[in-house]
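Single-structure report; data block below.
Readers should treat all values here as calculations from the given coordinates under stated rules, not as data from a laboratory. Being a predicted model, the structure only gives us computed values, none of them experimental. Cβ atoms come from the backbone with ideal geometry, glycine included; neighbour counts cover every protein chain shown.
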Amino acid sequence: MDLIDRKYRILQAIIDDYILTALPVGSRTISRKYEQKLSSATIRNEMSDLEELGYLDSPHTSAGRIPSNKAYRLYVDQMLRPMPLSAEETEFINRCFDRRLAQVDDLSMRIAKALSSMTHYTTAVMTRTPRNEQVLSHLQLVPVADRRVLLILVTQSGTVKQSVLELGSPVAPDELYTVSRILSSRLEGLRLIELPGALMQLAGSGETDEIVRAMAEQQPAESQSDIVALAIGGRSNLLSFPEYSDVDKAKALLSVLETREKVVSLLDHHGEMEISVRIGPETGLEETRDCSIVTASYRLSDGRVNTIGLIGPTRMQYGKVLSVLSQVGRSLGTILDEHDGHE
């Protein structure tokens, strides 16, 4: 049902005021601060209608109203305007990307800490890489028995993959070291999914042919699970909001933030470049039904998907959060692409 203009303005005023104060909003507050031309009686009638429509709730201890999850959904979808960042806030974000990176994980933790400090919400940064998109850094062949060799693959993200090769004849440790060095130099920079084909092309020359063929046969064409890196900043930030003054509610929320699988489930959704706002029960977890999570997700050229999420109470400053995530998402995508191009 469409709201008439007056109801629409009053609802927006109630939401804006409640986001700032966390206090139930009464008709006198709306009349004094937002709608001076309307009487308190008129505003009360409109607020009663809004409550019947499911956009407002009435706390038992107050004559004022608070927005419902349905109201926040309408607010985000139709009323919201991005809040411009100050010059200081923009500079603060830009400083996150000043230093040359050693690893993507270093940047993720720096972003998580910086945004949690800036917004006072909990920040999570997730990097999801399809396992076969992992890029080889180097490999090592280690003898474990006369005819058994341990193959160790190390990717540029630091992931280590091991498998055992069964050979028809023993190979001297010195020869394994030499083969490891040669293959590392030739295969460095290839995706794991490309290794079988590359190894088969190298096979067929000399005494190392059996080793190379055995390595090629050990590399699966597909892998079922992705590599997920997660960085979290400001886990305890939410405890500063009055919504979490209840000890049991606070403990339940902290338990979620300490559980990797649950944080990943909050962040995980697919897309190229998108911003998603999930409110209350839309988050999918009982413990976060009083929270909202706003995420920016984008896909890089190497197949990785990066997601930055801010978790806060449902009366989150959505306009500011969207501006922050838009700015950080663009900057993060740029720096990671540049980083990949220099590897």
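Couple of notes before you dig in:
- Net charge of Cβ neighbours under 12 Å - reference Leu195; Lys, Arg +1; Asp, Glu -1: 0
- Hull volume in cubic angstrom per residue (convex hull over the Cα atoms of region 5-79): 82 Å³
- Computing FRET efficiency as 1/(1 + (r/R0)^6) for Gln201 and Arg260, where r is the C-beta to C-beta distance and R0 is 56 Å, gives about 0.90.
- Förster-model FRET efficiency, 41 Å R0, Ala145 and Met109, C-beta, rounded to 0.05: 0.50
- Nitroxide proxy distance, nm - points 7 Å out along Cα→Cβ at Ala22 and Asp57: 1.5 nm
- Across the options Leu199, Ser185, Ala214, the greatest Cα extent toward the positive end of the charge dipole of region 133-218 (unit charges at beta carbon of Lys, Arg, Asp, Glu) belongs to Ser185.
- Cross-link partners of Lys70 among lysines, defined as those whose alpha carbon lies under 18 angstrom from its own and excluding same-chain residues fewer than eight positions apart: Lys7.
- Projected-area average for region 118-207 over all orientations - Cα convex hull basis, square nanometres: 8.1 nm²
- Here each label is just a point 7 Å from Cα along the line to Cβ, and for Ser236 and Thr178 those points are 5.9 nm apart.
- Net length gained if the chain between Glu194 and Asp5 were fully extended (0.36 nm per residue, minus Cα distance): 62.1 nm
- The residues packed around Glu287, meaning those with a beta-carbon under 10 Å from its beta-carbon, carry a net charge of +2 if Lys and Arg are +1 and Asp and Glu are -1.
- If R0 equals 45 Å, the separation of the Cβ atoms of Lys33 and Ile275 corresponds to a calculated FRET efficiency of about 0.90.
- Using a cutoff of 8 angstrom between alpha carbon atoms and counting only pairs six or more residues apart, the relative contact order for region 5-79 works out to 34 percent.
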